[in-house]
Amino acid sequence: MKKFGIKIKGIVKNGDKFLILQKWYDDRITEPYQWEFVDGDLEYGISLDAYVRQMVNDATGLDAVIDSIPYTWSYELGDMQIIGIAYLCHVDSDMVILSEAVSDFKWVKAEELPEYIENRGVLADLAKTGII
């Protein structure tokens with residue numbers, strides 16, 4: 001039986017800077033902590049927009065306003081297809097209160113993102129949409 005999962009990415013911006021978070025992934029890899037945008041797995045029955053705002057608030061303490069959906073993506077993992085939706089959001093504050101799942105954060109300019117984000121697919125998607 002084939003299944004679907006939905007990943008949500010919150011690309012949070014304040015002025016000309018983007019919020020990136022450092023999260024632990026796996027101590028079996030060379031760099032177990034990696035920088036990324038806010039993200040999560042959508043659960044059944046939850047409104048997409050409400051989930052994005054809640055996800056950003058839970059991870060950072062910030063109240064996000066959704067601007068747009070700049071891109072989507074998909075990939076297969078075993079018998080599951082993962083659909084991803086990226087939301088561009090803005091916040092009026094840079095005062096971050098991290099959740100326990102996040103080890104650090106940075107506000108960086110668009111041109112600095114390739115120094116931190118290792119996922120080249122994410123960087124390519126951001127470039128195609130003109131975000132970076």
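The values are calculated or read from the model by the stated rules, or taken from the named source; none is laboratory data. Predicted, not measured: the structure shown is a model, and the values here were computed from it. When we count neighbours, we look across all protein chains shown, and the Cβ atoms used for this are built from the backbone with ideal geometry, even at glycine. Surface areas here come from the heavy atoms of the whole protein model, side chains and all, with no ligands, DNA or RNA. Shrake-Rupley method; radii C 1.70, N 1.55, O 1.52, S 1.80 Å.
In table form, for the structure just shown:
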item	result
In nm, spacing of pseudo-spin labels at Y33 and K109 (7 Å Cα→C-beta vector)	2.5
Under-5 Å amide H pairs with I132, H placed in peptide plane, nonlocal only	A127
Point-charge dipole on Cβ atoms (K/R +1, D/E -1) for the chain, about Cα centre, debye to 20	360
Prolate/oblate/rounded label for the chain (Cα gyration tensor, a/c 1.5)	rounded
Average accessible surface area per residue within the chain, 1.4 Å rolling probe, Å²	60
Stretchable slack from Q81 to A101, in nm (0.36 nm times residue separation minus alpha-carbon distance)	4.7 nm
Computed helical MRE - 222 nm, the chain, DSSP H runs ≥ 4 contributing -39500 (n - 2.57), nearest 500	-5500 deg cm²/dmol
Length added when fully stretched, Q22-A124, from 0.36 nm per residue minus Cα-Cα	34.7 nm
Candidates G61, G121, G84, ranked by Gaussian network fluctuation over the chain, Cα under 10 Å, top entry	G121
With every protein chain in place, region 35-132: carbon and sulfur % of accessible area (1.4 Å)	50
